[in-house]
1. Restricting to region 115-136, what's the tally of residues that are polar (S, T, N, Q), outside any helix (DSSP H, G or I) and surrounded by 18 or more Cβ atoms within 10 Å (Cβ to Cβ)?
2. Among the numbered criteria (1) under 17 Å from residue 62 (Cα atoms); (2) within 17 Å of the chain's Cα centre (by Cα); (3) among the charged types (D, E, K, R), which single criterion is violated by residue 87?
3. Which pairs have Cβ atoms under 6 Å, sit 6 or more apart or on different chains, and link a residue in region 114-126 that is within 21 Å of residue 93 (Cα to Cα) to one that is assigned to a helix (DSSP H, G or I)?
4. Give me the pairs, please: first residue somewhere in region 92-108 and over 22 Å from residue 128 (Cα atoms), second residue anywhere and open to solvent by 20 Å² or more (accessible area, probe 1.4 Å) and modelled with pLDDT under 95, beta-carbon distance under 8 Å, and either six or more positions apart or on two chains.
5. Checking the structure you have, find out if any residue of region 130-141 is at pLDDT 95 or above and aromatic (Phe, Trp, Tyr).
6. Would you confirm whether or not region 18-30 contains a residue that is open to solvent by less than 80 Å² (accessible area, probe 1.4 Å), at pLDDT below 75 and not acidic (Asp, Glu)?
7. Taking into account only those residues within region 169-188 that are under 15 Å from the mean Cα position of the chain (by Cα) and open to solvent by 30 Å² or more (accessible area, probe 1.4 Å), which is modelled with the lowest pLDDT?
Amino acid sequence: MAQTSTFAALEARVRQLEFLLPTQSRNDDVEEPEQQQQDKIRAFLLLCHAEVESFVEDLARRLGDSLTAELANHRAGTRFGRRHAEEAKRQYLNTIYNNHGVKESNLLALFESFGLSETTFECIHPDFLSEFNSYGTMRGDSAHQSAARITRQLNARNQLIKIRRILGLLERFEMEVNKTCLNGLLSPNAFDIEQSP
């Protein structure tokens, strides 16, 4: 299966972050206190969310850069297209700059202007947007509440399952974007496609 170097880097970073998750101590007498375990799981969730958000924004940026390069191309683009390419670039860069999450509203704001709608996400997986909504909500609850106020405890295993589901959906989404590029709607060299080992 083809995999981009940016997606491979995201996967590698999430694997690096797994060291934050608490592990069962070999000596039951020395098990970490529950609060320390919760802090580690929260740290894992927050840092993984940041990596996912950055990946999504980078994908939107690469898509926008490819589109504006195509519009500005003197051989392929019209004078009208070239004139508006810079304005289009300012607009999508502003959208990326003002993005603060990975929920449905964030994803649609980042990608609808490129023709990737709610239907696109649902074609990838019917639960795509609901998975990202729940992930964003979980992150928001962890980031904006004191540990003393959190009533729902996080589970390390569930966090691993969730981030792996999110990564699987992101990989399929990026492949869909790549397919769009390779169909000639955008420049195919916008994405660095490598074969996964």
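1. So the count comes out to 0.
2. Unmet for residue 87, out of (1) under 17 Å from residue 62 (Cα atoms); (2) within 17 Å of the chain's Cα centre (by Cα); (3) among the charged types (D, E, K, R): (2).
3. 114/63
4. Hits for this filter: 92/61; 92/113; 93/61.
5. Yes: one or more hits.
6. Here is the first cut: in region 18-30, the ones open to solvent by less than 80 Å² (accessible area, probe 1.4 Å) are 18, 20-22, 25, 27.
Now restrict to residues that are at pLDDT below 75: 25, 27.
Next, only the ones that are not acidic (Asp, Glu) stay: 25, 27.
For region 18-30, residues open to solvent by less than 80 Å² (accessible area, probe 1.4 Å), at pLDDT below 75 and not acidic (Asp, Glu): present.
7. Per the criteria, the residue is 176.
Yes/no per residue for (1) open to solvent by 60 Å² or more (accessible area, probe 1.4 Å); (2) part of a helix (DSSP H, G or I); (3) over 19 Å from residue 62 (Cβ atoms); (4) touching a Lys or Arg at 6+ places or on another chain (Cβ under 8 Å):
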| residue | (1), (2), (3), (4) |
| --- | --- |
| 94 | yes, yes, no, no |
| 105 | yes, yes, yes, no |
| 108 | no, yes, no, no |
| 140 | no, yes, yes, no |
| 152 | yes, no, yes, no |
| 157 | yes, yes, yes, no |
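The values are calculated or read from the model by the stated rules, or taken from the named source; none is laboratory data. Here the structure is a predicted model, which is why all the values come from computation and not from measurement. Counting neighbours? That spans all protein chains shown, and the Cβs are built from the backbone with ideal geometry, glycine included. All accessible areas refer to the heavy atoms of the entire protein, side chains included, with ligands and DNA or RNA removed. Shrake-Rupley method; radii C 1.70, N 1.55, O 1.52, S 1.80 Å.
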